[in-house]
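Below: one structure, written as structure tokens.
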Amino acid sequence: MGILDLTALELGRKIKAKEISAVEAVQAVLEQTKKAEPAVHAYVSYDEESALKRAEEVQKKIDDGTLTGPLAGVPVAVKDNICTKGYKTTCSSRILENFVPTYAAQAVENLIAAGVVIIGKTNMDEFAMGSTTETSAFGPTKNPWNQEHVPGGSSGGSAAAVAAGECFMALGSDTGGSIRQPSSFCGITGMKPTYGTISRYGLIAYGSSLDQIGPMAKDVSDCAALLEASASYDKKDSTSIERDEYDFTSALVDDVKGMKIGIPKDYFGEGLDPEVREAVMAAARTLEKKGAVVEEFDLGLVDYAIPAYYVIASAEASSNLSRFDGIKYGYRAKGAEGLHDMYKKTRSGGFGPEVKRRIMLGSFVLSSGYYDAYYLKALRTKALIKQEFDKAFASYDLILGPAAPTTAPKLGESLSDPIKMYLGDIYTISANLAGLPGISVPCGKDSKGLPIGLQLLGDCFQEKKLIRAAYAFEQTRTYEAPEIVKGGVQ
Amino acid sequence: MANHISDETIEYVGILAKLELSGEEKEQAKKDMESMLDYVDKLNELDTDGVEPMSHVFPVNNVFREDIVTNGDDREEILANAPERKDGAFVVPKTVE
């Protein structure tokens with residue numbers, strides 16, 4: 001068994017036991033990265049030299065007893081919309097191509113304190129707007145299982161990096177499914193925590209009321225450990241929630257006896273790939289055999305989540321992205337006449353088509369005369385959707401369904417029809433509107449050999465139930481890595 | 001198409017969004033916005049009378065702190081990101097005639 005076959009927690013234990021050094025772990029990941037990157041392109045940038053230097057420092061602190069945590073020495077990747085101090089953070093956009101943050105995101109600070117080694121910054125849809133990682137200004141990421149297919153998005157680089165053995169775990173961000181859907185497409189486990197659990201300080205904002213950083217890893221245990229290490233109450237984020245406890249790994253228990261799991265009938269209608277349906281229903285039966293009570297029910301309002309989301313997310317994006325004006329950081333267009341012309345030319349040249357599309361829609365729905373009809377209407381719909389979930393969680397501990405209606409589409413198939421691409425978010429998006437935690441766990445592969453993800457949703461603050469059920473399900477399977485890892489460094 | 005976006009509207013939204021679109025981009029933006037709005041109009045099927053708009057899932061309150069500087073002086077690092085700088089300040093195009 002090679003280093004890359006270990007999970008992050010297994011690696012952490014071996015580093016602690018002095019069987020593997022932090023430097024050896026980083027070297028293995030870098031070697032694999034150099035091998036896989038030409039085919040996968042998971043990273044916007046990575047820095048060998050600083051990763052190795054950091055690994056040496058971490059090893060010293062492990063040796064002298066300063067660092068004792070389970071993730072000390074573990075190589076981690078960070079999505080490129082999460083600020084890393086002194087290291088380029090681009091949001092996969094031309095407009096931030098050379099942006100070097102002067103501070104790190106709180107989640108990154110927490111991980112550094114836990115002793116992880118950051119390898120690099122992962123590719124994403126530009127400003128997290130997209131479901132395929134194809135809107136990146138620096139070229140698409142490819143699915144490690146089959147390079148003709150997308151890895152999903154927007155955290156496609158993080159998902160691909162974990163699946164391809166280019167890191168042991170990664171941070172992603174999830175505004176409408178951007179952690180869970182690529183995790184599903186790449187055969188890894190990804191979790192969106194309850195809104196406010198991981199500080200958004202240093203996460204470059206897209207839709208602030210929906211954005212949440214979360215863990216992406218090979219299995220549920222690693223996800224729980226990464227969540228535990230990243231989460232904290234943070235005064236620098238006014239929407240940060242002070243939780244009663246941050247101990248998530250204690251929920252790694254193989255027991256779902258008596259747990260009530262609801263399956264929304266609406267999730268299994270038109271548009272769902274039959275192979276995905278079969279794999280997800282088989283997963284439900286597995287949980288039932290382990291003692292969970294599984295029932296179908298009517299969730300309601302499922303079809304209204306996507307239109308409400310696109311109004312709210314675009315509105316918030318148009319406001320959040322107004323800060324990119326070519327003055328304080330980033331790209332500035334040359335040859336402009338006067339201030340306003342410079343703003344316009346900078347933004348028009350610096351943003352890609354999907355970002356411009358959402359800024360335009362957002363500006364429209366917030367404009368006088370349309371604000372009530374679109375923006376407030378969407379916020380009222382959001383309140384109704386939240387009520388539907390409150391009703392569901394009065395009866396069920398968890399909601400079970402697919403993470404996405406299909407497996408990973410081919411490159412180039414999605415961008416031509418935006419609404420069709422948006423419809424792919426149907427199972428993930430409502431969790432963001434309602435602030436709920438959700439997890440995607442691998443539950444099979446289709447006939448093309450592409451991974452399928454099972455999604456579990458919990459009520460706000462019920463991460464432990466999610467982790468317990470996902471962990472119990474995972475015990476019935478073994479983690480499978482794509483060929484690109486198997487042929488890799490041993 | 002139920003929704004029609006006029007040239008004037010696209011022009012106006014472009015001003016709000018601070019985006020300068022080419023003729024071709026404008027036509028595309030009109031089409032995109034029309035089809036998105038047709039789709040979003042689905043929300044009108046819902047009776048939302050008397051429903052409070054929900055901007056945040058959890059109650060959001062002002063978070064106060066003492067007005068004490070806790071970060072260091074990183075003026076140099078901040079200015080290093082500026083596309084144009086001079087004498088410790090950001091340079092902007094002339095704004096006053």
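The values are calculated or read from the model by the stated rules, or taken from the named source; none is laboratory data. Note that the structure is predicted; figures quoted are calculated from it, not measured. Note that each Cβ is placed from the backbone with ideal geometry, even for glycine, and that neighbours are counted across all protein chains shown.
Elements of the type helices (runs of 4 or more DSSP H) sitting completely within the stretch A:361-465 and holding at least 2 residues that are within 14 Å of another protein chain (Cβ to nearest Cβ) and within 25 Å of A:Pro151 (Cβ to Cβ): these cover A:418-423, A:429-434.
When each of B:Asp73, B:Asp49, B:Asp87 is tested for being acidic (Asp, Glu), closer than 30 Å to A:Lys235 by Cβ and exposed (fewer than 14 other Cβ atoms within 10 Å of the Cβ), the lone residue that passes is B:Asp73.
Only one entry of A:Val355, A:Val311, A:Val294 meets the criterion of being at pLDDT 95 or above, within 30 Å of A:Gly187 (Cα to Cα) and in contact with a Phe, Trp or Tyr (Cβ under 6 Å, 6 or more places away or on another chain), and that entry is A:Val355. Taking (1) of a type in the set (S, T, N, Q); (2) in contact with a helix residue (DSSP H, G or I) (Cβ under 6 Å, 6 or more places away or on another chain); (3) outside any loop (DSSP other than H, G, I, E, B) in turn, B:Gln28 satisfies each apart from (2). Taking (1) more than 14 Å from chain B (Cβ to nearest Cβ); (2) more than 22 Å from A:Ile62 (Cα to Cα) in turn, A:Met129 satisfies each apart from (1). Count of the stretch B:3-61 residues, restricted to those that are among the aromatic types (Phe, Trp, Tyr), within 21 Å of the chain's Cα centre (by Cα) and closer than 19 Å to A:Leu433 by Cα, is 0. Look at B:Glu66 and say whether it is more than 9 Å from every other protein chain (Cβ to nearest Cβ), more than 26 Å from the chain's Cα centre (by Cα) and free of Cβ contacts under 8 Å to residues at least 60 places away in the same chain. Taking the combined requirement at face value, the residue satisfies it.
Answer yes if at least one residue in the stretch A:57-66 is touching a strand residue (DSSP E or B) at 6+ places or on another chain (Cβ under 7 Å), among the polar types (S, T, N, Q) and either part of a loop (DSSP other than H, G, I, E, B) or modelled with pLDDT of 95 or more (or both), and no otherwise. Scanning the stretch A:57-66, I find no residue that is touching a strand residue (DSSP E or B) at 6+ places or on another chain (Cβ under 7 Å), among the polar types (S, T, N, Q) and either part of a loop (DSSP other than H, G, I, E, B) or modelled with pLDDT of 95 or more (or both), so the answer is no. Of all the listed residues (A:Gly300, A:Gly330), the sole one being of a type outside the set (Lys, Arg), assigned to a loop (DSSP other than H, G, I, E, B) and facing chain B (nearest Cβ under 8 Å) is A:Gly330. Being of a type in the set (Asp, Glu), more than 14 Å from chain B (Cβ to nearest Cβ) and either over 20 Å from A:Gly444 (Cα atoms) or exposed (fewer than 13 other Cβ atoms within 10 Å of the Cβ) (or both) is true of A:Glu295.
Looking across A:Ile399, A:Ile359, A:Ile419, one residue alone is free of Cβ contacts under 8 Å to residues at least 60 places away in the same chain, under 23 Å from the mean Cα position of the chain (by Cα) and surrounded by 24 or more Cβ atoms within 10 Å (Cβ to Cβ). It is A:Ile359.
Given (1) surrounded by fewer than 17 Cβ atoms within 10 Å (Cβ to Cβ); (2) facing chain B (nearest Cβ under 9 Å); (3) modelled with pLDDT under 95, where does A:Ser322 come up short, assuming only one miss? It is condition (3) that A:Ser322 fails. Close Cβ contacts (under 6 Å, 6 or more residues apart or on different chains) running from residues in the stretch B:77-97 that are facing chain A (nearest Cβ under 7 Å) and within 14 Å of A:Gly330 (Cβ to Cβ) to residues that are surrounded by 12 or more Cβ atoms within 10 Å (Cβ to Cβ) and polar (S, T, N, Q) comprise B:Ile78/A:Thr102.
The set of residues in the stretch A:135-179 being more than 15 Å from A:Tyr43 (Cβ to Cβ), among the charged types (D, E, K, R) and either surrounded by 24 or more Cβ atoms within 10 Å (Cβ to Cβ) or touching an Asp or Glu at 6+ places or on another chain (Cβ under 7 Å) (or both) consists of A:Asp174 alone. Considering the stretch A:334-351, the residues that are outside any helix (DSSP H, G or I), at the interface with another protein chain (Cβ under 9 Å from one of its Cβ atoms) and small (Gly, Ala, Ser) include one that is surrounded by the most Cβ atoms within 10 Å (Cβ to Cβ), namely A:Ala336.
Residues considered: A:Leu339, A:Leu272, A:Leu299. Of these, the only one that is of a type outside the set (Phe, Trp, Tyr) and touching a helix residue (DSSP H, G or I) at 6+ places or on another chain (Cβ under 6 Å) is A:Leu299. The number of residues in the stretch A:182-208 that are within 14 Å of chain B (Cβ to nearest Cβ) and touching a Ser or Thr at 6+ places or on another chain (Cβ under 6 Å) comes to 3. Restricting attention to the stretch A:432-456, which residues are over 18 Å from A:Ile188 (Cβ atoms) and either buried (at least 24 other Cβ atoms within 10 Å of the Cβ) or under 19 Å from the mean Cα position of the chain (by Cα) (or both)? Correct list: A:Asn432, A:Leu433, A:Ala434, A:Gly435, A:Leu436.
The single condition among (1) part of a loop (DSSP other than H, G, I, E, B); (2) under 20 Å from the mean Cα position of the chain (by Cα) that B:Pro83 does not satisfy is (2). Applying the set (1) of a type outside the set (Ser, Thr, Tyr); (2) closer than 30 Å to A:Phe461 by Cβ; (3) more than 8 Å from chain A (Cβ to nearest Cβ); (4) assigned to a helix (DSSP H, G or I) to B:Leu43 leaves exactly one unmet item: (3). When A:Glu354 is tested against (1) surrounded by fewer than 22 Cβ atoms within 10 Å (Cβ to Cβ); (2) part of a helix (DSSP H, G or I); (3) at the interface with chain B (Cβ under 7 Å from one of its Cβ atoms); (4) not polar (S, T, N, Q), only condition (3) is not met. If the condition is being assigned to a loop (DSSP other than H, G, I, E, B) and out of contact with any strand residue (DSSP E or B) (no Cβ under 6 Å at 6 or more places or on another chain), then the stretch A:93-113 contributes A:Ser93, A:Glu97, A:Asn98, A:Phe99, A:Val100, A:Pro101, A:Thr102, A:Tyr103.
In this structure, does A:Ser232 turn out to be in a loop (DSSP other than H, G, I, E, B), more than 14 Å from chain B (Cβ to nearest Cβ), touching a residue at least 60 places away in the same chain (Cβ under 8 Å) and touching a Ser or Thr at 6+ places or on another chain (Cβ under 8 Å)? Spelling it out, A:Ser232 is indeed in a loop (DSSP other than H, G, I, E, B), more than 14 Å from chain B (Cβ to nearest Cβ), touching a residue at least 60 places away in the same chain (Cβ under 8 Å) and touching a Ser or Thr at 6+ places or on another chain (Cβ under 8 Å). Checking B:Ser35 against (1) closer than 27 Å to A:Thr381 by Cβ; (2) facing chain A (nearest Cβ under 9 Å); (3) part of a loop (DSSP other than H, G, I, E, B), only one condition comes out false. Which one? Of everything listed in (1) closer than 27 Å to A:Thr381 by Cβ; (2) facing chain A (nearest Cβ under 9 Å); (3) part of a loop (DSSP other than H, G, I, E, B), B:Ser35 misses just condition (3). Is it the case that some residue within the stretch A:241-250 is out of contact with any strand residue (DSSP E or B) (no Cβ under 7 Å at 6 or more places or on another chain), closer than 16 Å to A:Ile467 by Cα and hydrophobic (A, V, I, L, M, F, W, C)? So far as the stretch A:241-250 goes, yes, one or more of its residues are out of contact with any strand residue (DSSP E or B) (no Cβ under 7 Å at 6 or more places or on another chain), closer than 16 Å to A:Ile467 by Cα and hydrophobic (A, V, I, L, M, F, W, C).
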